[in-house]
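Participant: Below are the structure tokens for one structure; questions will follow.
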Amino acid sequence: MEAKAIAKYVRTSSMKMGIVLDLIRGKNVNEAFAILQYTSKNAAEVITKVLKSAVANAENNLNLDVSRLYVNNAYACQGPTLKRFRPRAQGRAYRIKKRSSHVTITVTERL
């Protein structure tokens with residue numbers, strides 16, 4: 001049995017999310033929370049919320065033991081990109097891509 005939580009349309013690129021997700025993948029849930037607490041990336045806040053949601057889903061919906069949970073799967077897919085323009089010299093315009101991502105975390109009980 002595995003519990004899952006998803007955060008969609010997060011305004012951070014999936015590459016930046018992936019850096020933080022690599023730190024917690026395969027770790028015990030308590031250890032993952034400790035790592036996220038002392039990670040200085042902005043993505044760590046969003047990932048902490050998603051991990052809390054996944055743990056709550058495991059505890060309340062599937063009756064899993066929280067002390068035995070670990071992060072089974074954690075990944076960020078690319079969401080829609082907002083395209084904006086920035087004025088530049090001599091009447092030109094440069095495109096700015098404001099990327100978003102969908103974060104998915106799955107927790108499972110360790111046997």
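The values are calculated or read from the model by the stated rules, or taken from the named source; none is laboratory data. Everything numeric here is computed off the predicted structure, so don't read it as measured data. When we count neighbours, we look across all protein chains shown, and the Cβ atoms used for this are built from the backbone with ideal geometry, even at glycine.
Participant: Keeping to the range 92-111, report how many residues are over 20 Å from residue 22 (Cβ atoms) and either among the β-branched types (Val, Ile, Thr) or in a loop (DSSP other than H, G, I, E, B) (or both).
Facilitator: 3
Participant: Pick out the one residue from 71, 66 that is at pLDDT below 95 and under 15 Å from residue 107 (Cα atoms).
Facilitator: Exactly one of 71, 66 is at pLDDT below 95 and under 15 Å from residue 107 (Cα atoms), namely 66.
Participant: Same structure, new question: Condition (residue is in contact with a Lys or Arg (Cβ under 6 Å, 6 or more places away or on another chain) and over 24 Å from residue 10 (Cα atoms)) applied to the range 52-61: is it met by at least one residue?
Facilitator: So far as the range 52-61 goes, no, none of its residues is in contact with a Lys or Arg (Cβ under 6 Å, 6 or more places away or on another chain) and over 24 Å from residue 10 (Cα atoms).
Participant: Step by step: first the residues of the range 1-57, then only those that are in a helix (DSSP H, G or I) and hydroxyl-bearing (Ser, Thr, Tyr), then the one that is farthest from residue 67 (Cα to Cα). Which residue is that?
Facilitator: 14
Participant: Determine whether residue 48 is touching a helix residue (DSSP H, G or I) at 6+ places or on another chain (Cβ under 6 Å), among the hydroxyl-bearing types (Ser, Thr, Tyr) and surrounded by 13 or more Cβ atoms within 10 Å (Cβ to Cβ).
Facilitator: Here the answer is yes, as residue 48 does meet what is asked.
Participant: Any residue in the range 70-99 that's among the polar types (S, T, N, Q): show its pairings with residues that are not in a strand (DSSP E or B) at Cβ separation under 6 Å, as long as the two are six or more apart or on different chains.
Facilitator: Correct list of pairs: 78/14; 81/99.
Participant: Looking only at the range 15-33, which residues are surrounded by fewer than 20 Cβ atoms within 10 Å (Cβ to Cβ) and either over 18 Å from residue 108 (Cα atoms) or among the polar types (S, T, N, Q) (or both)?
Facilitator: 15, 16, 18, 19, 28, 30
Participant: Could you check how many residues of the range 60-91 are in a strand (DSSP E or B) and among the basic types (Lys, Arg)?
Facilitator: 3
Participant: Which pairs have Cβ atoms under 8 Å, sit 6 or more apart or on different chains, and link a residue in the range 1-20 that is under 17 Å from residue 49 (Cβ atoms) to one that is part of a loop (DSSP other than H, G, I, E, B) and hydrophobic (A, V, I, L, M, F, W, C)?
Facilitator: Pairs found: 3/62; 3/64.
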